[in-house]
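Below is one structure, written out as structure tokens, with a few remarks after it.
The numbers here are math on the coordinates, done by the rules we state, and not lab data. Bear in mind that the values here come from a model prediction, so they are computed numbers and not experimental data. Cβ sites come from the backbone with ideal geometry, for glycine too, and all protein chains shown count toward neighbours.
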Amino acid sequence: MSRHTAIALVPRPDSVTPLPGHFTLDALTGVRAGPGADAAADLLREALAPATGLPLPPRSDGRVVFLLDPALGGLGAEGYGLTVSTEAVVLRAARPEGLLRGVQTLRQLLPAEALAGSTHRGSAWTLPCLRITDRPRFAWRGAMLDVARHFQPAAYVSRFVDLLALHKLNVLHLHLTDDQGWRMPVAAYPRLTEVGGRRAESAADGLSHAGAYTRAELADLVAYAARRGVAVVPEIEMPGHARAALAAYPHLGNRPGTRLETWTRWGVCENVFGVHDEVLDFCRTVLDEVTDVFPAPYVHLGGDECPRTEWEACPARRGPAGAGGRARPAPRPGRFMRTVSAHLTSLGRRPLGWTETGTELPAAFTVLPWRDPEHGRGAALRGHDVIMAPFRSTYLDYPQSADPGEPRGQDGVLDLRGVYDNDPAPAHWEPEAAGRVLGTQAQLWTEYARTPAELEYLAFPRLCALAETAWSAHRDWPAFLHRLDRHRTRLAALGVRSRSPHTVPAP
Ligand code: ACM
């Protein structure tokens with residue numbers, strides 16, 4: 001029996017029909033890409049080259065065939081059909097994005113060594129014969145990477161994009177700014193990265209930490225991700241979580257005479273942007289540069305955890321006195337977000353924001369409810385598009401078990417099952433609420449995760465579970481665990497140290 005008899009794809013495809021036999025890729029195998037299908041063929045070639053050394057040259061009689069086929073339009077923008085026979089591999093999709101998803105399926109169908117970063121000449125590069133029809137349940141399937149708390153170099157972020165793409169995740173939400181660090185270069189405000197890009201210590205290890213991207217690195221990352229069908233969605237936090245910016249430019253805050261350091265603690269910082277014209281101009285200038293670098297239709301504007309303490313304490317910031325000579329009430333974060341998002345909309349982009357209650361952001365915002373999932377339902381019923389990000393099932397910085405050997409994280413536990421069992425649009429929701437759910441994403445906050453190895457240990461295998469909740473309409477925990485065993489050999493070939501699911505308490 002071939003070792004491929006059990007087909008163990010993650011996330012689970014919509015429909016798989018195993019067939020007898022296998023197809024072997026060898027040094028003579030050519031690839032025929034129909035019109036519009038070259039990018040997917042190039043991706044397969046690039047992905048397989050390091051381990052297999054196979055040239056997979058373009059050939060009009062190639063037996064690996066990539067075709068755009070409008071007849072598959074019923075599978076949506078990312079659906080695809082794949083047939084592997086002993087004679088040929090035929091991948092078809094209505095759109096190039098579907099072919100890119102199919103390439104990831106092909107990578108997973110090969111022996112795990114095909115994913116390795118260096119040559120494995122001894123392996124036979126066989127694929128099991130089968131028929132697959134596949135399409136995602138949700139259009140937004142993502143992961144947020146917090147590069148503000150601990151910076152990760154662009155080369156690592158590219159690897160992270162590869163890992164997302166392998167799981168058919170299509171959004172990298174890059175959390176570029178926070179109290180603890182500002183990583184996005186802005187020509188008009190160089191101190192953002194010079195001063196806001198470094199801090200004296202982190203809660204993780206008490207060590208100083210620094211880093212920022214160049215514009216060219218970010219542009220390269222965007223292009224690299226696009227070739228894999230992954231959109232990079234930038235986040236610039238406002239009006240709270242702004243302490244790094246205030247360390248660089250104190251006049252943007254509420255205590256212009258006070259010198260602030262980039263924050264060394266973690267939590268909710270009471271220093272926030274002021275609400276005055278200079279700040280709004282600053283936000284507009286930053287967003288002009290952000291939208292120059294990042295072509296994604298969405299920009300995340302933060303919006304979470306903004307204490308009003310400084311605004312309350314600072315009557316000068318409240319504008320002229322209102323009727324009866326009484327000071328106007330302090331502004332609300334929602335007003336700030338409305339003003340800034342109007343600029344973003346004028347640039348042709350759409351605002352995203354964290355929501356704590358589902359009610360605080362203007363209707364133009366697509367919201368990410370991060371506290372109670374029911375806030376997502378309420379926001380959807382009020383007309384927001386929603387991306388589900390509740391901490392109890394998507395925050396991968398919580399330890400994966402109560403085992404004291406787990407790395408330090410937030411207080412609490414989020415185990416693999418807790419991620420897997422989360423339905424982004426639960427069956428009990430009204431159809432009009434469920435219909436507003438664009439999808440879901442994982443959150444990797446990094447106050448305690450410093451290195452790629454630490455990040456990947458948190459992410460895997462929980463990100464595999466999240467990918468399945470986002471892609472697949474089917475849910476079967478025992479079958480997932482079974483597939484995951486094989487999938488972890490792929491992760492191991494990629495050099496990812498993932499936590500064993502067998503240490504998860506039995507359900
Ligand atoms: C958040 O966890 N403050 C989005």
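What share of the DSSP beta bridges in region 72-230 is antiparallel, in percent to the nearest 5? Approximately 70 percent, going by the DSSP bridge assignments. Each peptide in 357-369, 173-185 gets a packing score, the mean of other Cβ atoms within 10 Å over its residues, and the list from highest to lowest is 173-185, 357-369. In this structure the amide hydrogen of residue 8, modeled in the peptide plane, comes within under 5 Å of no amide hydrogen from residues 5 or more places off or on another chain. Projecting label points 7 angstrom from Cα along Cα→Cβ for residue 476 and residue 413 puts them 2.8 nm apart. Take the Cβ atoms of residue 216 and residue 428, set R0 to 41 Å, and the FRET efficiency comes out at 0.25. Around the amide H of residue 441, modelled in the peptide plane, lie the amide H atoms of 142, 388, all under 5 Å away and 5 or more residues distant in sequence or on another chain. Shown in residue order for region 78-88 are the 3J(HN,Hα) couplings computed by the Karplus curve 6.51 cos²θ - 1.76 cosθ + 1.60 at θ = phi - 60°: 10, x, 7, x, 10, 10, 10, 10, 5, 9, 7 Hz (x for Gly and Pro). According to the Kirkwood relation over distinct C-alpha pairs, the hydrodynamic radius of region 87-184 is 16.1 Å. For residue 497 and residue 328, a Förster radius of 45 Å and the Cβ-Cβ distance give a FRET efficiency of 0.25, rounded to the nearest 0.05. The amide H of residue 65, built 1.01 Å from its N in the peptide plane, has 32, 89, 90, 91 as neighbours under 5 Å, considering only residues 5 or more places off or on other chains.
For the pair residue 258 and residue 292, a Förster radius of 25 Å applied to the C-beta separation gives a FRET efficiency near 0.15, rounded to the nearest 0.05.
For region 362-462, averaging the sequence separation of C-alpha pairs within contact (under 8 Å, six or more residues apart) and dividing by the residue count gives a relative contact order of 29 percent.
Among 132, 7, 387, sorting on how many other beta-carbon atoms sit within 10 Å of each Cβ, with the fewest leading, yields 7, 132, 387.
Between residue 280 and residue 38, the modelled label-to-label distance comes to 4.8 nm, taking each label 7 Å out from Cα in the direction of the beta carbon. Beta bridges per DSSP, both residues in region 1-153: antiparallel share near 65 percent. Nearest 5 is fine: what % of DSSP beta bridges in the chain come out antiparallel, could you say? Once the DSSP bridges in the chain are tallied, antiparallel ones form about 35 percent. Extension gain for the segment residue 265 to residue 17, taken as residue separation times 0.36 nm less the Cα-Cα distance, is 84.0 nm to one decimal. Computed extension gain for residue 162 through residue 224, at 0.36 nm per residue and net of the alpha carbon distance, reaches 21.4 nm. Sparse packing (at most 12 other Cβ atoms within 10 Å of the Cβ) combined with a DSSP loop state is found for the following trypsin sites (Lys or Arg not before Pro) in region 53-125: 121. Peptide packing for 78-86, 21-29 was compared via the average number of neighbouring C-beta atoms within 10 Å per residue; ordered from the highest value, the list is 78-86, 21-29.
In the chain, a dipole from Cβ-located charges (positive for Lys and Arg, negative for Asp and Glu) runs towards its positive end, and of 27, 234, 266 it is 27 whose Cα lies farthest in that direction. Multiplying the residue separation of residue 401 and residue 342 by 0.36 nm and subtracting their alpha-carbon distance yields 16.9 nm.
The mean sequence separation of alpha-carbon pairs under 8 Å and at least six residues apart, normalised by the residue count of the chain, gives a relative contact order of 15 percent.
When 419, 299 are sorted by how many other C-beta atoms sit within 10 angstrom of their C-beta, beginning with the fewest, the order is 299, 419.
Of the peptides 161-168, 496-503, the order by per-residue mean of other Cβ atoms within 10 Å, starting with the highest, comes out as 161-168, 496-503.
With helices as the sole contributors, the chain gives -9000 deg cm²/dmol at 222 nm; each DSSP H run of n ≥ 4 counts as -39500 (n - 2.57), and the sum is divided by every residue. Listing 238, 388 from fewest to most neighbouring C-beta atoms within 10 Å gives 238, 388.
Across region 121-248, the mean sequence separation of Cα contacts (distance under 8 Å, 6 or more residues apart), normalised by length, yields a relative contact order of 29 percent.
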